[in-house]
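Novice: Have a look at this one before I ask anything.
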Amino acid sequence: MDYRVDEIDKRILYYLAEDARNTAAPAIADEMEVTAATIRNRIGELEAQGILRGYLADIDYKSIEGHVTYQFSCTAPIPDRDRLAQAAMEVSGVVTVRELMTGTSNLAITVVGSDTTDISRIAGELSDIGLQIEDESVIEDEYHQPYNPFGPEDAPVGPSLTDFMSLAGGAEVAEFTVSEGAAIAGLTIEHAVEEGLLADEMLVVGVERDGDVLTPKGETDIQTGDVVSLFSKTQLEKEALEVFGTQ
């Protein structure tokens, strides 16, 4: 491919990945000091080059009664991987197929079913086309963000998630690094609670700083670069974690 992606193209890709529906060519044009026509032409060229492949809706299928989203880790013989990936897309209920550069579990297939019987039917059809299912799991949630290096220097940066665990009863534990400029950075845990930055159902259960593990107390301050372990009695929402990243 001879097409060279420049800073204007990168900024277009950043904003389209952030929110394609509400991205306006004039807004990008003003930021990059070019005309809106230039931005529209660049978008057309990115599409023609196959760099910008589409505009996908982010759908929460589990919010639709009875539906569940699964991920199957499958293995396909390397010579047949492309063909089987395309064949998997023909199975009703398959919404995403990712080819992975590995010998085993080289296809990650996301499917949506109306119930467990439907999921079993999809699994059977994937097996019938020649795929070996190595593992399967329910997808509870999925988060997206644009590629920050393509954005402006002041692009929002979220907390760096390093570990995550779902517990019985809907509780969750997340471990992440506090980003520079985070709303909570510089505040004590007690102050963060008073300011409403930490909800009542959240509890800071660990703070690691410069290799030392601190026992969090009300007077413990949260600093940029801290690795924070956060326990929540309920599912952690993306908005609840934004206080640990740049606003």
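The values are calculated or read from the model by the stated rules, or taken from the named source; none is laboratory data. Predicted, not measured: the structure shown is a model, and the values here were computed from it. Note that we place each Cβ from the backbone using ideal geometry, even for glycine, and neighbour counts take in every protein chain shown. Only protein heavy atoms, including side chains, enter the accessible area calculation; ligands, DNA and RNA are left aside. Shrake-Rupley method; radii C 1.70, N 1.55, O 1.52, S 1.80 Å.
Novice: Does D82 count as modelled with pLDDT of 90 or more, farther than 19 Å from F150 by Cβ, acidic (D, E) and out of contact with any Pro (no Cβ under 7 Å at 6 or more places or on another chain)?
Specialist: Working: modelled with pLDDT of 90 or more: yes; farther than 19 Å from F150 by Cβ: yes; acidic (D, E): yes; out of contact with any Pro (no Cβ under 7 Å at 6 or more places or on another chain): yes.
Considered against the rule, which asks whether it is modelled with pLDDT of 90 or more, farther than 19 Å from F150 by Cβ, acidic (D, E) and out of contact with any Pro (no Cβ under 7 Å at 6 or more places or on another chain), D82 comes out as yes.
Novice: Go through segment 86-120 and give me each residue that's within 14 Å of V138 (Cα to Cα) and charged (D, E, K, R).
Specialist: Across segment 86-120, the qualifying residues are D115, D118.
Novice: Still on this structure, I have one more. Evaluate the following for V204: is it touching a residue at least 12 places away in the same chain (Cβ under 8 Å), in a strand (DSSP E or B) and touching a helix residue (DSSP H, G or I) at 6+ places or on another chain (Cβ under 9 Å)?
Specialist: Working: touching a residue at least 12 places away in the same chain (Cβ under 8 Å): yes; in a strand (DSSP E or B): yes; touching a helix residue (DSSP H, G or I) at 6+ places or on another chain (Cβ under 9 Å): yes.
Taking the combined requirement at face value, the residue satisfies it.
Novice: Turning to a different aspect of this structure: Based on what the data block shows, is R98 basic (K, R) and either surrounded by 12 or more Cβ atoms within 10 Å (Cβ to Cβ) or farther than 30 Å from E242 by Cα (or both)?
Specialist: On the way: basic (K, R): yes; either surrounded by 12 or more Cβ atoms within 10 Å (Cβ to Cβ) or farther than 30 Å from E242 by Cα (or both): no.
So R98 does not fit the description; no.
Novice: May I ask you to list the residues in segment 3-20 that are of a type in the set (F, W, Y) and farther than 11 Å from F150 by Cα? Even if it seems obvious, please write down each step before you answer.
Specialist: Step one: filter segment 3-20 for residues of a type in the set (F, W, Y), giving 3, 14-15.
Hit for segment 3-20 is Y3, nothing else.
Novice: Just checking, how many residues over segment 1-44 are part of a helix (DSSP H, G or I), within 28 Å of V95 (Cα to Cα), open to solvent by 70 Å² or more (accessible area, probe 1.4 Å) and free of Cβ contacts under 8 Å to residues at least 60 places away in the same chain?
Specialist: 0
Novice: Okay, moving on. What do you reckon, is L198 under 23 Å from D141 (Cα atoms), of a type in the set (A, V, I, L, M), in contact with a helix residue (DSSP H, G or I) (Cβ under 6 Å, 6 or more places away or on another chain) and surrounded by 13 or more Cβ atoms within 10 Å (Cβ to Cβ)?
Specialist: Details: under 23 Å from D141 (Cα atoms): yes; of a type in the set (A, V, I, L, M): yes; in contact with a helix residue (DSSP H, G or I) (Cβ under 6 Å, 6 or more places away or on another chain): yes; surrounded by 13 or more Cβ atoms within 10 Å (Cβ to Cβ): yes.
Against the criterion (under 23 Å from D141 (Cα atoms), of a type in the set (A, V, I, L, M), in contact with a helix residue (DSSP H, G or I) (Cβ under 6 Å, 6 or more places away or on another chain) and surrounded by 13 or more Cβ atoms within 10 Å (Cβ to Cβ)), L198 qualifies.
Novice: Out of D135, D163, report the one residue that is open to solvent by 70 Å² or more (accessible area, probe 1.4 Å) and modelled with pLDDT under 85. Steps first, answer last, please.
Specialist: Numbers: D135 fails: modelled with pLDDT under 85.
Going through D135, D163 in turn, just one is open to solvent by 70 Å² or more (accessible area, probe 1.4 Å) and modelled with pLDDT under 85: D163.
Novice: Let me ask you something else. In segment 224-235, what residues are assigned to a loop (DSSP other than H, G, I, E, B) and either open to solvent by 70 Å² or more (accessible area, probe 1.4 Å) or β-branched (V, I, T) (or both)?
Specialist: Here is the first cut: in segment 224-235, the residues assigned to a loop (DSSP other than H, G, I, E, B) are 224-226, 233-235.
Across segment 224-235, the qualifying residues are T224, K233, T234.
Novice: Can I ask one more? If the Cβ limit is 6 Å and pairs must be 6+ apart or interchain, which residue in segment 84-101 that is over 15 Å from G130 (Cα atoms) pairs with which residue that is open to solvent by less than 80 Å² (accessible area, probe 1.4 Å) and of a type in the set (S, T, Y)?
Specialist: V95/T110; T96/T110
Novice: Next up: Could you say whether any residue in segment 122-136 is closer than 26 Å to F176 by Cα and out of contact with any Phe, Trp or Tyr (no Cβ under 6 Å at 6 or more places or on another chain)?
Specialist: no
Novice: In the list A199, A192, A174, A185, which residue meets the criterion of being in contact (Cβ under 8 Å) with a residue 60 or more places away in the chain and among the hydrophobic types (A, V, I, L, M, F, W, C)?
Specialist: Details: A199 fails: in contact (Cβ under 8 Å) with a residue 60 or more places away in the chain; A192 fails: in contact (Cβ under 8 Å) with a residue 60 or more places away in the chain; A185 fails: in contact (Cβ under 8 Å) with a residue 60 or more places away in the chain.
It is A174.
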